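Read-outs: derived from the displayed coordinates by stated rules, not from any lab. Source: prediction; values computed, not measured. Methodologically, a virtual Cβ is constructed for each residue, glycine included, from the backbone with ideal geometry; neighbour enumeration extends over all protein chains shown.
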Amino acid sequence: MGILDTLQSMLASQGAKDLEAAVLPIVLKEVLGSGDQGGLSAIVKKLQDAGYGDVVKSWVANGKNLPISAQQIQDVLGNATVKQLAAKYGIPVDQVSTVLAQVLPMLVDKASPNGTLPHTA
């Protein structure tokens, strides 16, 4: 099961149904990038560089995941990026960063079961 498949199943269980299930993976792929453009590791690095290293460490380590707010996600990605994604996919701006704040901790946690995030994530 890939990260986007995992994400879709997590969203279904979390009740984050405000975003169309078919649209969210596309938005995430664009945010996270893929292959040479980064993937999950790239967004983790952006968060660490922005001063959220302790939060990200909690996602990678075993134990409870510290939360990140929608505003913090928006600050890291940038308002322009969030607005562009929202406009491109017809999603309310506040929902893009809200859903990312909900799912990124779970995605990183799921991608790092042994306490390290693979470089290919």
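Looking across the range 56-107 at every residue that is assigned to a helix (DSSP H, G or I) and of a type in the set (S, T, Y), the one that is farthest from I43 (Cα to Cα) is identified as Y89. Restricted to the range 71-92, and to residues there that are aliphatic (A, V, I, L, M) and surrounded by fewer than 18 Cβ atoms within 10 Å (Cβ to Cβ), the residue that is nearest to the chain's Cα centre (by Cα) is A86.
Inspect all residues belonging to the range 80-100 and state whether any of them is β-branched (V, I, T) and under 16 Å from V56 (Cα atoms). The answer is no, given that none of the residues of the range 80-100 is β-branched (V, I, T) and under 16 Å from V56 (Cα atoms).
For the range 68-75, the condition of being among the small types (G, A, S) and touching a residue at least 24 places away in the same chain (Cβ under 8 Å) holds for at least one residue. L117 falls short on exactly one of the conditions (1) surrounded by fewer than 17 Cβ atoms within 10 Å (Cβ to Cβ); (2) of a type in the set (A, V, I, L, M); (3) part of a loop (DSSP other than H, G, I, E, B), and that condition is (1).
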